[in-house]
């Protein structure tokens, strides 16, 4: 019998018969290695080879020499396997309860999974407990999960006989001659895998919601029903996640946006938020903060048109790649588009005059409105909108200046994140996608420069292969909030296509012409999205310098109303955003309302404070000792100073 060599994660090498299943090889090694390997005794999958790129079923036969690592359920790959299997488990439960239902696709998503179904009567939230109960019954059956590879035509025949027309359409679009199916009991599904070895290996799950969806995500196709769920390696982790989920509902920026009177959304303009006066204060204060940084980091602000002839985006390459996401119109036989991004306009602006190497770097910053056609089903408060602005900038520099510009960007990003207390940051390097514009040597040099900048800054880098933009590789700074959600905020890209496509040139020190390096750069990203993230991260308790109302003065009675007005005016004169609440309401009611509205500083004044020219501030709602008015105003004004600026 032919034997192969299997190398395990502890460095041990063992000879096993060719065809041995991965799970069996791991089990034998664990038994030989004793108690130290107990954690890996019940993995959910296995990772083949040194790069860890191939995760396989435990039933996968080993046919060549390889490295083999068990994948535990609580690892990142393990959770993906568990969640993928939970999607199949849910589909099997649905088919048992509602046999007339057709199944479509069921992928893993962050923290969970979903499956799209076609059922004549649809689903309601009331159906979820029944489906969950059936899922638990199938887990108790501990059905083996078996992979089968069959010819594509055979798979088409089987699913057509089962009445699964969506699966037939998927299979007919697969170019390979062979497809893989997964069986568990009476249920079979088209899938690449991998999956857990049996349904009993799906330890903790919960179905969370029902939503509408379109077949293949296209609004022109049939409406389907989508059931979302989450799955974890243990009940404890599941309960912790559900607790975070409940906390997220309380922190939802759409709810807090109404409570804090920041913004609203209306069907008259889907995806285009109305910022109320308080929301406009937050919005404009963020812009002012970034403008203050621009002055120190050498940016020049520009204002560029909102509507261009589409020949601009044809030159940049966006028209072919981005046309379906643009608002287009025909005017006097010419096609125009509302701009979805600033970069092509900035290239046009750069080309309006000649540049010497002495002029570079040129750093254009632009807060223009941008418009992108997002499908209505994807719109989500301020996180996913059709109308937005970014703290957007484009830098044109010489190759010799590139490293310094990247260093400046990282320094600015660190300063901004520090101002908001964002200390949980991960960095990704996103490399050349399969379809790209520009010369390969430019891409290679750009990726090397980005990697070099991150290494010099001391960051541990996660490389996301093939996830760069079509015009250049990218660095992304991902911030993890208090709910353990990851958000990409700051990004910088080196453009490998547009400078040459627009014919951008500068005169070198030798008197020749050369193409400048172009950087795309944002720190906050979309202002709308940043506000949503910040509101949820802080539960609406914005930093004092950013709060729309920084001080609210509450008179104890009508007799102190005039003094309350004077205190508010003194605060306003010092640059604070202050107001006096003179309504004929009880003090307790006013205090609670100010707390609900997350007003950072609440000042209570009565006849005694008026006589002594003092203020009684409240910290977290609790009364504090009275302080002289002048000292109170000076202290709050000092605390409210904008980072790197003034109040």
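Over the Cα atoms of the stretch 225-333, what is the Rg over Rh ratio if Rh follows Kirkwood?
Here Rg/Rh amounts to 1.11.
Subtract the Cα-Cα distance of residue 425 and residue 624 from 0.36 nm times their separation in residues, and report this length gain in nm to one decimal.
Stretched fully, the residue 425-residue 624 segment lengthens by 68.0 nm.
Can you tell me how the stretch 551-639 classifies by the Cα gyration tensor, rounded, prolate or oblate, using a/c under 1.5 as the rounded cut?
rounded
What ranking do 387-400, 85-98 get when scored by the average of other Cβ atoms within 10 Å per residue, highest first?
85-98, 387-400
Testing the spin-label approximation: label points 7 Å from Cα along Cα→Cβ at residue 12 and residue 321. State their distance in nm.
4.9
Roughly speaking, what is the stretch gain from residue 42 to residue 579, that is 0.36 nm per residue apart minus the C-alpha to C-alpha distance, in nm to one decimal?
Result: 187.1 nm gained on full extension.
I need the per residue convex hull volume for the stretch 77-248, using only the alpha carbons, in cubic angstrom as a whole number.
Hull volume normalised by residue count: 118 Å³.
Using every pair of alpha-carbon atoms in the stretch 530-591, split the distances into 5 Å bins beginning at 0 and state the percent of pairs per bin, rounded to integers.
In whole percents, the pair-distance histogram is 4, 19, 20, 17, 16, 13, 7, 3, 0.
So how do 198-211, 328-341 stack up, highest first, on mean other-Cβ count within 10 Å?
In decreasing order of mean packing, 198-211, 328-341 become 198-211, 328-341.
Between residue 64 and residue 100, what FRET efficiency follows from the Cβ-Cβ distance if R0 is 41 Å, with the result rounded to 0.05?
Once rounded, the FRET efficiency stands at 0.35.
Sorted by mean Cβ packing within 10 Å, highest first, what order do the peptides 145-154, 469-478 take?
469-478, 145-154
Assuming 0.36 nm per residue, please report the length gained on full extension of the stretch residue 110 to residue 177 beyond their Cα-Cα distance.
Stretched fully, the residue 110-residue 177 segment lengthens by 21.0 nm.
Can you tell me how the stretch 440-490 classifies by the Cα gyration tensor, rounded, prolate or oblate, using a/c under 1.5 as the rounded cut?
oblate
At what distance in nm do the modelled label points of residue 485 and residue 288 sit from each other, each positioned 7 Å from its Cα along Cα→Cβ?
2.9
Can you give me the distance in nm between label points at residue 220 and residue 329, each placed 7 Å from the Cα along the Cα-to-Cβ direction?
2.4
For a paramagnetic label modelled at 7 Å from the Cα of residue 349 toward its Cβ, which residues of the stretch 396-426 fall within the zone defined by backbone nitrogen distances under 14 Å?
Correct set: 396.
Please report how far the C-alpha centroid of the stretch 504-520 lies from that of the stretch 365-441, rounded to the nearest whole angstrom.
23
Going 7 Å from the Cα of residue 444 toward and past its Cβ, which residues in the stretch 451-492 have a backbone nitrogen under 14 Å from where you end up?
The answer is none.
Work out the FRET efficiency for residue 572 and residue 411 from their Cβ-Cβ distance, taking R0 = 30 Å, and round it to the nearest 0.05.
FRET efficiency, residue 572 to residue 411: 0.30.
In whole angstrom, how far apart do the alpha carbon centroids of the stretch 93-112 and the stretch 199-263 sit?
Answer, in whole Å: 15.
Laboratory data are not the source of any read-out in this text; all were calculated from the coordinates shown. Fair warning: this is a prediction, and the values are worked out from it, not measured in the lab. Because the Cβ atoms are built from the backbone with ideal geometry, glycine has one as well, and the counts that use them run over all protein chains shown.
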